[in-house]
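This report concerns only the one structure given below.
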Amino acid sequence: MKGTQTEMGLKGLFMANSEDHLLLSFTSEKLYQLNRKEEAQMVKEKSLVELGHAKGILEKLVKYMGVNSMKEWLNEIKNKKGDDVKEEFMLTCTVYLLSKLLSEKVSDIKEKEELTKQAEIYYQKAKEIYEKLLESNINVA
Amino acid sequence: MVYLALEKILNEFAEKEGKEHVDTYNKVALTAKAEGYADVEAMLCAYAEEEAKIAQTAKNVAA
């Protein structure tokens, strides 16, 4: 699969799903805080569907390209800078989810711990960027 | 004000999700079929249908 359009397409979809998963998850938390519990639950369920899609796509990438190739991809994304806050949010969400899912696939304990820790750090970073996005929307709302 | 901002985020999400995202799923599915990955094509076609439903839910919540 390496070098094919399918590889590029699947990676792009994984990134979009990572972003959508956290965007909906954080939005659900905010709705819950506003006592919009029914809406919060509906959005939360959809955030989990996005997570399921991301997992399924990663399974195919691992099946055809191997875990090591995915680790290389993770390092590439970590070194990328977004052109704007939205792109930065997508990259951060991708590093979070890829780290988290790969931590479940590696057997080396040290590597597993590093990936888990990295996932936690990028989750917090994503949450901070989401707050900025929300703030910018409050200012124009 | 926060609720209005959340509505705006969900509306933007629904618009992007309902058009671009579903189209992208279908395009990658066709590419996968052409390149011989029938299992990937089947998975993406199933996901594309669910993505359309996600967009609809976001739209309903934001309405």
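Computed values, structure above
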| quantity | calculated |
| --- | --- |
| Any hit, segment A:7-20, residues being in contact with a Ser or Thr (Cβ under 9 Å, 6 or more places away or on another chain), surrounded by fewer than 16 Cβ atoms within 10 Å (Cβ to Cβ), among the small types (Gly, Ala, Ser) and assigned to a helix (DSSP H, G or I) | yes |
| Some residue of segment A:25-38 being closer than 30 Å to B:LYS33 by Cα and not small (Gly, Ala, Ser) | no |
| Search result, residues across segment A:23-49 that are at the interface with chain B (Cβ under 7 Å from one of its Cβ atoms) and of a type in the set (D, E, K, R) | A:LYS30, A:GLU39, A:LYS46 |
| Members of segment B:30-54 found to be more than 7 Å from every other protein chain (Cβ to nearest Cβ) and crowded, with 22+ Cβ neighbours inside 10 Å, listed by number | B:LEU44, B:GLU51 |
| Test: residue in segment A:94-111 that is without any contact (Cβ under 8 Å) to a residue 12 or more places away in the chain, surrounded by 12 or more Cβ atoms within 10 Å (Cβ to Cβ), under 30 Å from B:LEU4 (Cβ atoms) and aliphatic (A, V, I, L, M) | no |
| Within segment A:21-45, considering residues that are hydrophobic (A, V, I, L, M, F, W, C) and without any contact (Cβ under 8 Å) to a residue 12 or more places away in the chain, the one surrounded by the fewest Cβ atoms within 10 Å (Cβ to Cβ) | A:LEU34 |
| Residue list for segment B:1-16, restricted to those being facing another protein chain (nearest Cβ under 7 Å) and either crowded, with 17+ Cβ neighbours inside 10 Å or touching a residue at least 60 places away in the same chain (Cβ under 8 Å) (or both) | B:ALA5, B:LEU6, B:LYS8, B:ILE9, B:LEU10, B:PHE13 |
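Each reported figure results from applying straightforward, stated rules to the coordinates on display, with no laboratory input. What you see is a predicted model; the values in this text were computed from it and never measured. Every residue, glycine as well, gets a Cβ built from its backbone with ideal geometry; the counts of neighbours run over all protein chains shown.
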